[in-house]
1. From the list VAL386, VAL399, VAL432, exactly one residue is over 21 Å from SER247 (Cα atoms), assigned to a helix (DSSP H, G or I) and not small (Gly, Ala, Ser). Which is it?
2. Could you please tell me which pairs satisfy a Cβ distance under 8 Å, a separation of 6+ or placement on different chains, a first residue in region 234-246 that is more than 13 Å from GLY51 (Cβ to Cβ), and a second residue that is in a helix (DSSP H, G or I) and of a type in the set (Lys, Arg)?
3. Take the residues of region 212-225 that are surrounded by 13 or more Cβ atoms within 10 Å (Cβ to Cβ) and in a loop (DSSP other than H, G, I, E, B): which is nearest to the chain's Cα centre (by Cα)?
4. Take the residues in region 46-56 that are surrounded by fewer than 24 Cβ atoms within 10 Å (Cβ to Cβ) and outside any loop (DSSP other than H, G, I, E, B); name whichever of them is farthest from the ligand (Cβ to nearest atom).
5. For the list (1) buried (at least 19 other Cβ atoms within 10 Å of the Cβ); (2) more than 17 Å from the chain's Cα centre (by Cα); (3) in contact (Cβ under 8 Å) with a residue 60 or more places away in the chain; (4) part of a helix (DSSP H, G or I), I need the number of the one condition that ILE126 fails.
6. Starting from residues that are in a helix (DSSP H, G or I) and in contact with a Cys (Cβ under 7 Å, 6 or more places away or on another chain), keep the ones in region 86-123 and report whichever is farthest from the ligand (Cβ to nearest atom).
7. Can you tell me how many residues within region 226-247 are in a helix (DSSP H, G or I) and charged (D, E, K, R)?
Amino acid sequence: MKSGINRRQFMQKSLVGAAAAPLVGRSVAGDPGPVTQPVSANDRIQMGVIGVGARVQSGVMQAAMAQPGVEIVGVCDAYSGRVARAIERTNGRAKDYGDFRKLLADESIDAVIISTPDHWHKDQTIEALAAGKDVYLEKPMTLTIDEGPEMIAAAEKSDRILQIGSNGMSSKLQQTAREIVRSGKLGKITLIRATFDRNTESGAWLYPIPPDANQQTVDWEAFLGPAPERPFSLERFFRWRCYWDYSGGVSTDLFVHLMTTVHYVMDADMADMVMATGQNYLHKETHEVPDTLNAVLTYPKEGFTVSLSATFNNSSANESGFMILGTEGALVFQGRELIFRPENPVEGNAWIVASWPSALEKAYWADPEIQKREMPHTWASRMNDVGETWSEVGPDSTVIHMSRFIDSVRTRKPSIQDARRGHHATAVPHMVNESIKRKMPVYWDPEREVLKKA
Ligand SMILES: NC(=O)c1ccc[n+]([C@@H]2O[C@H](COP(=O)([O-])OP(=O)(O)OC[C@H]3O[C@@H](n4cnc5c(N)ncnc54)[C@H](O)[C@@H]3O)[C@@H](O)[C@H]2O)c1
């Protein structure tokens with residue numbers, strides 16, 4: 001273990017004034033994050049990756065390697081096939097440390113990506129911070145709500161950077177949405193509707209299991225770690241999201257993305273109340289966690305309500321939908337597009353006044369104010385007012401999110417999704433699960449940053 005100064009800071013200090021050869025910096029079109037400056041040789045960041053599973057190998061490690069001056073030098077995983085593939089992706093440069101504690105003990109490693117199943121997040125993060133590493137931790141930050149304050153305290157005690165990997169908030173579209181909301185263009189926002197709908201086995205996390213997976217290639221004890229003892233199971237190992245021991249299911253895996261967006265775009269801190277239902281209708285054989293969830297959250301300080309909904313049994317809503325509804329307009333996330341739809345309400349009292357005495361009905365329509373609010377010509381102007389659309393441009397949000405982490409590592413500026421923000425985005429999904437289990441509303445305790453005692 002080490003404390004205080006790390007290898008990179010030591011090199012920066014010892015090379016002050018030295019003419020270090022600059023590496024070519026890469027700036028990215030449309031990148032709303034930090035502008036990438038040329039990087040000097042003394043500013044190299046050596047990264048290790050704990051858990052080189054699907055998420056890391058399909059985007060996170062590529063995002064890290066795309067950052068100037070960043071190299072992945074070490075990996076570890078509980079399934080040997082993934083270790084080999086990850087090393088291949090670094091062109092053989094990364095070393096296999098076997099155990100994550102050995103990787104953390106290597107002082108040449110400045111920062112780590114932690115992308116293990118959720119039951120490992122707290123312990124590995126706290127150990128990594130104590131070992132002097134800056135940490136990029138994949139969402140969701142926690143397995144239980146009570147882990148949050150412990151992780152916040154560990155991050156505050158250390159002088160290390162902890163950034164949670166909810167990359168969506170770094171997308172250009174979410175930044176645009178945040179600016180639009182801040183500008184007041186939507187009027188008073190009172191309702192947000194967000195959904196996550198799927199209808200495939202892969203969408204429900206019933207992933208294929210590699211044919212070479214067995215007790216020789218899979219380290220079952222390393223996987224279990226702090227989780228309860230269980231007999232060896234490839235289903236649990238590769239489809240861990242289906243089990244409460246390792247995951248909070250749909251809520252912590254998917255709603256956490258929606259909640260990160262709500263908090264970021266709306267500049268909101270935390271829900272005060274959550275009321276939810278959850279059922280497992282069609283996945284009883286394979287899932288402990290529910291496949292259909294609905295939740296209502298209230299934000300009294302900010303003055304709006306959020307409605308979350310998800311199912312694994314129908315995908316007509318196009319996987320993920322998001323609507324921010326204000327008195328002057330709506331912002332709709334649809335795929336890689338953000339759409340602003342202005343409100344132009346037309347009153348419709350014709351059928352009411354048709355029951356009045358004819359003279360009164362006639363007088364009603366003669367009023368110019370009424371004509372403005374209710375006459376059919378306003379429909380025409382409404383049709384012309386189709387709003388605006390923005391498309392996602394520039395690099396993938398994971399690349400931008402990683403570039404912001406690397407910027408914090410270099411500058412020591414606080415990360416854009418720190419432990420407290422990560423905790424709040426995950427605490428709401430935990431409250432959803434708790435409300436489902438208790439069959440009653442649950443409340444947030446802002447002092448203790450956990451569930452209010454019943
Ligand atoms: N930001 C996103 O959009 C996004 C997308 C997918 C997954 N994720 C998150 O990434 C994380 C990983 O998810 P995944 O889909 O890659 O799962 P995965 O099962 O494919 O990968 C997890 C890896 O961790 C390894 N592991 C388990 N215990 C370990 C230990 N003690 N030491 C080292 N390695 C260990 C496993 O062997 C496995 O390879 C999760 O937290 C998930 O929520 C985020």
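The values are calculated or read from the model by the stated rules, or taken from the named source; none is laboratory data. This structure is a prediction, so every number in the text was calculated from the model and none was measured. Backbone-built Cβ (ideal geometry, glycine too); neighbour counts: all protein chains shown.
1. Values: VAL386 fails: assigned to a helix (DSSP H, G or I); VAL432 fails: over 21 Å from SER247 (Cα atoms).
Answer to the check: VAL399.
2. So the pair list comes out as TYR243/ARG236; ASP245/ARG236.
3. Restricting attention to region 212-225, the residues satisfying the condition of being surrounded by 13 or more Cβ atoms within 10 Å (Cβ to Cβ) are 213, 217-220, 222-225.
Cutting the leftovers down to in a loop (DSSP other than H, G, I, E, B) gives us 213, 217, 219, 225.
Working: ALA213: 30, THR217: 31, ASP219: 28, GLY225: 24 Å.
Step by step, filter region 212-225, then rank; the result is GLY225.
4. So, considering only residues that are surrounded by fewer than 24 Cβ atoms within 10 Å (Cβ to Cβ) and outside any loop (DSSP other than H, G, I, E, B), the one farthest from the ligand (Cβ to nearest atom) is GLN46.
5. Exception for ILE126: condition (3).
6. Taking region 86-123 and keeping what is in a helix (DSSP H, G or I), we get 86-89, 100-105, 118-123.
Next cut, in contact with a Cys (Cβ under 7 Å, 6 or more places away or on another chain) only: 100, 103.
Details: PHE100: 5, LEU103: 9 Å.
Filtering first and then ranking leaves LEU103.
7. Applying the first criterion (in a helix (DSSP H, G or I)) to region 226-247 yields 234-238, 240-242.
Of the ones still in play, those that are also charged (D, E, K, R) are 235-236, 241.
Residues that pass the stated criteria total 3.
Per-residue answers, yes or no, for (1) assigned to a loop (DSSP other than H, G, I, E, B); (2) at pLDDT 95 or above:
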| residue | (1), (2) |
| --- | --- |
| GLN12 | no, no |
| VAL16 | yes, no |
| GLY25 | yes, no |
| GLN37 | yes, no |
| SER58 | no, yes |
| ALA63 | no, yes |
